[in-house]
Amino acid sequence: MARARFLVRGLVQGVGYRWFVRRAAERLGLSGVARNLDDGSVEVLVQGDNADIASLELELRRGPSMARVQRVDKSELPHEIALPKGFETD
């Protein structure tokens, strides 16, 4: 099972971005969490098949219509970090 951490920057808070991510992740059968960070970015921690994570990354770059995604950084997510069984938003 693949895991990834995405850090999404731009106008991504207050525009339904986390709910957009949740719907996309659930549609792809991924588990994880999306949460707002204090610096105005959104962090997405995700687990699932590589192809589904790649599809989610494309969705993260697009975002909902009110969002203005400037940058999406992807990094490894250690297996020591526990993730929920489904997909949650904080």
Spin-label model distance (nm) - residue 23 vs residue 62, 7 Å beyond Cα toward Cβ = 1.1
Of all C-alpha pairs within the chain, those more than 23 angstrom apart amount in percent to 12
Rounded to whole angstrom, the alpha-carbon centroid of the range 45-78 lies from that of the range 11-41 at a distance of 9
If one takes the longest principal axis of the Cα atoms in the chain, at what angle in degrees, from 0 to 90 and to the nearest 10, does the Cα axis of helix 50-62 lie?
-> 10
What is the calculated FRET efficiency for residue 54 to residue 11, with r their C-beta to C-beta distance and R₀ = 22 Å, to the nearest 0.05?
-> 0.35
Just 39, 49, 73 to compare: in a GNM of the chain, with alpha carbon springs under 10 Å, which one fluctuates most?
-> 39
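The numbers here are math on the coordinates, done by the rules we state, and not lab data. All of these numbers come straight from a predicted model, not from anything done at the bench. Don't worry about glycine lacking a Cβ; one is built from the backbone with ideal geometry, like all the others, and counts go over all protein chains shown.
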